[in-house]
């Protein structure tokens, strides 16, 4: 292992090999160095922000004209005219006429967070106008993903005169054809990648239709549903059903649901999505949604909410119903106005989430053993595919994400039933488009079904086709990216240890939310010393220490799971007097409270 690294700018490489074996590289800048220096100086002067923050924002390509919109994105600036979406005017007219005539509406959703939020948004919107609506969320195991004719017929039998599919439907050609032949009126509101042929429906609203020119393809389904509600409200105003100031619902109160779906569906947090999340967090703070309020209590959310609250506390509990329990629980919780019902469902979801964690640990352990064997037999494997009978289908997506992170390559986990039929979940790395590739594999006949986004997708497959699928995916990866890129940490900003103050944390919070396309910035601390190192936690894998710079500045630091990532932990234990480069993030120390900050270490390299 290399034990000496020089900070240099050669092709952006900062560290060639860290203690974990990763290389560190400067994040690419959108502007030349001279422009970045000029802009960062302007930002410091106009907003009194730390230089490290100003330089990072300048490198992102922000300008004095765009900076304020970035820091405080507002819907009035970023929300598009709903009419720019294909079929949106049709959908809004159909919904508007149903509302005016008080026609009952059936809502068919998906069993994940985006589906639950989408269904709840539309239900609460219709409920405000006194329109009955019936939500159906399919069971992951008995019904599978997307509309099925039995469920659609059941919605119609319950009285639904119009059916709206949310977060699904774009690939449901056969069931929607049958529904049309049976006289059902259906609107599809989706965001998944569409093929050249659209399903049979009265309106198909999807920014990822091939003929849609809205430029809003990054929206999750809940975002598209929200825009549909905006358009429907406009239709109702234009037709005299709603007058100025008489709307029975303030659409902004639905933004907590839009924000949670946007975070949990891992869509890019840019432009409109950024406004949805930023403003949605403000709505969540008000605790107006009864279901979310009780779920937050179960999750012990006692600090001001952030996008992390959606992604790691609330979202997983909503998902737990669809993964291992009753798929309708999430949508019911988010739709209810009844405290007693909300309390009961929140308790159920919290319990299911605990069960989910246990099941996930078992599946992940088994999948990891298989992955190790696959890679040992073929180190050149580019797309990691593992499969087994007995794996719980509800947690394979989480396991795929863990394998992707551990092995630094796309990972697909397939749960097989006794008949050899498999359901798979896939997670990707930057540069390899999963959704398009899996859709192409389906069209080629290797898969029974499949599709999704660039970074996440689902599929169904027969066991006899797994080897052909493995070859197909590895060939596709080679064509798109070539070799598997080595582990690499992107460094966004460099700052002295003395800069790690609460004011820096406050500015980092102001630049949130973070997610795809806007990662929380990783900071480089150069030439610091590690003092008082000790391994903590039940399995002694976390490093607790103090970082010092030799001038009196110091900060508490922790590196989670570091012992399992390095082959020579004694190098840390005997670090007295040595200098290191430290990569990570500065955070408030919630444990000690007040204005104390700590450094969360991502990686360590010798200076």
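What to note about this one:
- Options 190, 157, 212, 167: the member that is surrounded by fewer than 19 Cβ atoms within 10 Å (Cβ to Cβ) and either free of Cβ contacts under 8 Å to residues at least 60 places away in the same chain or out of contact with any helix residue (DSSP H, G or I) (no Cβ under 6 Å at 6 or more places or on another chain) (or both): 157
- Restricted to helices (runs of 4 or more DSSP H) entirely inside the range 278-391, those with at least 1 residues that are free of Cβ contacts under 8 Å to residues at least 12 places away in the same chain and not assigned by TED's automatic domain parsing to the domain that holds residue 258 are 339-377.
- Annotation for the range 578-593: at least one member residue is surrounded by fewer than 18 Cβ atoms within 10 Å (Cβ to Cβ) and more than 26 Å from residue 509 (Cβ to Cβ).
- A single member of 446, 429, 438 is more than 30 Å from residue 518 (Cβ to Cβ) and either part of a helix (DSSP H, G or I) or not assigned by TED's automatic domain parsing to the domain that holds residue 601 (or both), and it is 446.
- Identification of helices (runs of 4 or more DSSP H) wholly contained in the range 5-117 with 2 or more residues that are farther than 30 Å from residue 234 by Cα and touching a helix residue (DSSP H, G or I) at 6+ places or on another chain (Cβ under 7 Å) yields 33-47, 51-59, 64-71.
- Tallying residues that are more than 15 Å from residue 88 (Cβ to Cβ) and outside any loop (DSSP other than H, G, I, E, B) within the range 166-221 yields 10.
- Residue in the range 277-296 that is under 18 Å from residue 453 (Cβ atoms) and surrounded by 20 or more Cβ atoms within 10 Å (Cβ to Cβ) present: yes
- Scan of the range 136-154 for residues that are closer than 19 Å to residue 184 by Cβ and either outside any strand (DSSP E or B) or more than 24 Å from the chain's Cα centre (by Cα) (or both), ordered by number: 137, 138, 143, 146, 147, 148, 149, 150, 151, 152, 153, 154
- Residue satisfying all of: in the range 457-489; within 25 Å of the chain's Cα centre (by Cα), surrounded by fewer than 19 Cβ atoms within 10 Å (Cβ to Cβ) and not in a helix (DSSP H, G or I); modelled with the lowest pLDDT among these: 486
- Residues of the range 594-607 satisfying the condition of being farther than 24 Å from residue 26 by Cα and surrounded by 13 or more Cβ atoms within 10 Å (Cβ to Cβ): 596, 597
To keep it simple, each residue is scored yes or no on (1) in the same structural domain as residue 234 (by TED's automatic domain parsing); (2) buried (at least 20 other Cβ atoms within 10 Å of the Cβ); (3) in contact with a helix residue (DSSP H, G or I) (Cβ under 7 Å, 6 or more places away or on another chain); (4) more than 27 Å from residue 251 (Cβ to Cβ).
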position	(1), (2), (3), (4)
119	yes, yes, yes, no
125	yes, yes, yes, no
130	yes, no, no, no
137	yes, yes, yes, no
143	yes, no, yes, yes
147	yes, yes, yes, no
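- Residue pairs whose Cβ atoms lie under 9 Å apart, sitting 6 or more positions apart in sequence or on different chains, and linking a residue in the range 54-74 that is free of Cβ contacts under 8 Å to residues at least 12 places away in the same chain to a partner that is loosely packed, with under 15 Cβ neighbours inside 10 Å, are 69/77.
- Evaluated against (1) surrounded by 15 or more Cβ atoms within 10 Å (Cβ to Cβ); (2) under 26 Å from residue 311 (Cα atoms); (3) out of contact with any strand residue (DSSP E or B) (no Cβ under 8 Å at 6 or more places or on another chain), residue 562 falls short on exactly one condition, (3).
- Of the residues examined, residue 392 is not one that is surrounded by 14 or more Cβ atoms within 10 Å (Cβ to Cβ), at positive phi and under 22 Å from the mean Cα position of the chain (by Cα).
- Just one of (1) under 22 Å from the mean Cα position of the chain (by Cα); (2) at pLDDT below 95; (3) surrounded by fewer than 22 Cβ atoms within 10 Å (Cβ to Cβ); (4) farther than 20 Å from residue 109 by Cα fails for residue 325. It is (4).
The values are calculated or read from the model by the stated rules, or taken from the named source; none is laboratory data. Predicted model, so just to flag it, every value in this text is computed and none were measured. Glycine gets a Cβ as well: all are built from the backbone with ideal geometry, and neighbour counts include every protein chain shown.
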